[in-house]
Amino acid sequence: MNTATIILLVAALVLGPVVISMIVEALRPHPPIPDKLAWAPEIPIQYTTVKGHRLRYIKTGQGPNLVLLHTLRTQLDIFQKVIPSLARRFTVYAVDYPGHGYSDIPRADYEPGLFVDAVAGFLERKT
């Protein structure tokens, strides 16, 4: 075997699984979007659009507004243990950032401005 043949074989062995994985992922159906929170089915899931992106959020409780912002790579459900307690004294809002949870996944640079603009737009519309 010459060098070119060996290089092609190695490339096929390395890239083959990657290509197959990409095809399988593209053919996999998207998971269904739940219509209720598993941890609090009585709290309605709502959506709003900010700068053309649909954001999932919840609102529960009564009192002064309290907005919960999750960390990156998580979603509003991270607050499931504290929302019921907070809702006794506050109107609690929790929102999924763009590209997180069940909010839209925009084709955008995931720079801080994307999240700042999403939260600012959400606050202008909902609080």
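The values are calculated or read from the model by the stated rules, or taken from the named source; none is laboratory data. Computed from a predicted model, the values in this text were never measured in an experiment. Backbone-built Cβ (ideal geometry, glycine too); neighbour counts: all protein chains shown. Calculation scope for accessible area: heavy atoms of the full protein, side chains included, ligands and nucleic acids excluded. Shrake-Rupley method; radii C 1.70, N 1.55, O 1.52, S 1.80 Å.
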Looking at the range 1-36, which of its residues are part of a loop (DSSP other than H, G, I, E, B) and not charged (D, E, K, R)?
1, 2, 29, 30, 31, 32, 33, 34
I'm checking my understanding of the structure. Among residues of the range 79-95 that are open to solvent by less than 10 Å² (accessible area, probe 1.4 Å) and in contact (Cβ under 8 Å) with a residue 40 or more places away in the chain, which one is nearest to residue 39 (Cα to Cα)?
83
Outside any loop (DSSP other than H, G, I, E, B), modelled with pLDDT of 95 or more, among the aromatic types (Phe, Trp, Tyr) and closer than 23 Å to residue 118 by Cβ: is that true of residue 93 in this structure?
yes
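Condition check ((1) touching a residue at least 40 places away in the same chain (Cβ under 8 Å); (2) touching a Phe, Trp or Tyr at 6+ places or on another chain (Cβ under 6 Å); (3) under 19 Å from residue 124 (Cα atoms); (4) assigned to a loop (DSSP other than H, G, I, E, B)) across all residues:
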position: 38; (1), (2), (3), (4): no, no, no, yes
position: 42; (1), (2), (3), (4): no, no, no, yes
position: 46; (1), (2), (3), (4): no, yes, yes, no
position: 49; (1), (2), (3), (4): no, no, yes, no
position: 63; (1), (2), (3), (4): no, yes, yes, yes
position: 74; (1), (2), (3), (4): no, no, no, yes
position: 77; (1), (2), (3), (4): yes, no, no, no
position: 108; (1), (2), (3), (4): no, no, no, yes
Test of understanding: among 27, 72, which residue is among the hydrophobic types (A, V, I, L, M, F, W, C), touching a helix residue (DSSP H, G or I) at 6+ places or on another chain (Cβ under 9 Å) and open to solvent by 70 Å² or more (accessible area, probe 1.4 Å)?
72
Quick check on the range 30-41. Is at least one of its residues over 30 Å from residue 92 (Cα atoms), out of contact with any Cys (no Cβ under 9 Å at 6 or more places or on another chain) and of a type in the set (D, E, K, R)?
no
Condition test on residue 109, is it of a type outside the set (Gly, Ala, Ser) and open to solvent by 70 Å² or more (accessible area, probe 1.4 Å)?
yes
